[in-house]
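Quick notes on the structure that follows.
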Amino acid sequence: MSLRIVVLLAVLSGVTGSPSVTPRPEADSAFMTVHPNSVPETVEETELSETLDILVEEEADEDVMATGELNPNHYQAQRAAKVVQHYLNTRYGSPYRLLGLHRVYSGNAEDVEDSGRKYQLEISVQEIISNMTEKCSAEVLFPRGGQQRSPQVQASCEELLKINTTAQEEALYQQYKMKPSLFSAQNVPDSYGHIDPDTKPFWHLCIVASSFIMLNESSENTLFNVAQVANITQLATENDQLKFDCHVLLHEMVSQEIIHWKLLFIWSPPEGVKVQQMEQLPHCHHCEKPPNTN
């Protein structure tokens with residue numbers, strides 16, 4: 001790296017006259033990695049500082065994170081808060097209740113000896129279908145160690161849980177429990193972002209089931225979202241659960257990877273979603289790119 005910086009400085013020293021400045025595209029705030037104490041005073045300093053920052057960041061260890069009070073719009077607080085969303089959906093999600101991160105108000109990070117890093121967050125969570133929003137407190141502990149382990153989450157959003165979806169869930173359950181033909185769908189949403197109204201409850205079910213994967217795979221260096229359901233198929237079963245085989249595409253937004261997973265899960269109104277099997281599939285080089293997700 002030292003050789004690369006020497007070459008860069010040599011090139012800059014050979015420039016005569018006032019250097020021209022080409023503005024860079026504005027980065028998304030969730031992915032900004034500029035140090036909060038770095039405040040260049042001039043345009044020329046800004047250009048040189050940003051260029052050197054790029055070189056340093058290429059070899060920076062992403063595990064070195066800030067402690068203390070966090071910028072709520074910074075990636076550390078946003079990634080930890082997204083984990084809370086996945087956790088809440090694994091606990092309370094259903095075809096008619098889907099929880100999403102609405103806003104991060106404040107965050108604090110601390111190193112916990114022999115355990116990991118703990119984030120204390122003040123956030124608001126939105127129930128996507130009813131559009132209700134509630135402010136919640138949450139705590140996320142990312143375990144320390146080389147092996148990936150699921151974050152430990154504590155959160156409570158009691159008002160959102162009072163939304164009564166029992167009648168809708170029971171009607172959906174009875175419809176597809178008694179229906180002679182089994183449900184199936186592909187490419188949800190389609191390339192235009194469209195989802196058929198009859199398919200939406202199953203899209204929500206797949207997001208809830210995928211939340212178990214996203215929670216399990218999350219770390220301080222990841223940010224997961226569901227990009228698309230490649231296919232979902234209802235399977236025949238003799239018990240009281242509806243059973244589904246599902247192929248989902250997850251967007252890991254830090255690396256910009258699209259990761260394919262296969263899921264086998266069951267659902268009923270009283271028991272909720274339970275994932276029985278999950279398997280990461282090999283990378284698909286020839287697959288069509290899914291619709292853009294944020």
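No value in this document is a laboratory result; all are computed from the given coordinates. Nothing here was measured: the structure is a model prediction, and the numbers come from that model. Positions of Cβ are backbone-derived with ideal geometry, glycine not excepted, and every protein chain shown enters the neighbour counts.
Once the Cβ-Cβ distance of N239 and D198 is raised to the sixth power relative to R0 = 22 Å, the FRET efficiency obtained is 0.35.
Can you give the alpha-carbon Rg of the stretch 108-218 over 2.2 N^0.38 Å, where N counts its residues?
1.41
Average projection, convex hull of the Cα set of the stretch 159-207: 4.5 square nanometres.
For the stretch 143-294, the mean projected area of the C-alpha convex hull, equal to one quarter of the hull surface, is 10.8 nm². Each peptide among 138-144, 191-197 gets the average number of other Cβ atoms lying within 10 Å of its residues, and from highest to lowest they stand as 138-144, 191-197. Treating r as the C-beta distance of E139 and N221 and R0 as 22 Å, the FRET efficiency rounds to 0.70. Label-to-label distance, N73 versus E159, with points set 7 angstrom from Cα along the beta-carbon direction: 2.5 nm. For the peptides 84-92, 182-190, 204-212, 120-128, residues were scored by their other Cβ atoms within 10 Å and the scores averaged per peptide; the highest-first order is 204-212, 84-92, 120-128, 182-190.
Considering the dipole of the stretch 66-216 built from charges on the beta carbon (Lys and Arg +1, Asp and Glu -1) around the Cα centre, which of V112, A167, A77 is farthest to its positive end? My answer, from the dipole projection, is A167. Specify which residue in the list Q152, C206, S218 is farthest towards the positive end of the charge dipole of the stretch 146-229, using unit charges on the beta carbon of Lys, Arg (+1) and Asp, Glu (-1), about the Cα centre. Positive-end residue among those listed: C206.
Can you compute the charge dipole magnitude of the stretch 122-222 about its Cα centre, using +1 on each Lys and Arg Cβ and -1 on each Asp and Glu Cβ, nothing else charged? Give it in debye, rounded to the nearest 20.
My answer is approximately 300 debye.
Charged side chains reduced to their Cβ positions (Lys and Arg at +1, Asp and Glu at -1) give the stretch 238-287 a dipole of some 60 debye around its Cα centre. Hull volume per residue, based on the alpha-carbon atoms of the stretch 98-173 and their convex hull, is 111 Å³. Peptides 242-255, 225-238 ranked from most to least packed, by the mean per-residue count of other Cβ atoms within 10 Å: 242-255, 225-238. Per the Cα gyration tensor, the stretch 184-237 maps to an equivalent ellipsoid with semi-axes of 23, 15, 8 Å, ordered largest to smallest.
Here the gap between E113 and N231, fully extended at 0.36 nm per residue and compared with their Cα-Cα distance, gives a gain of 38.1 nm.
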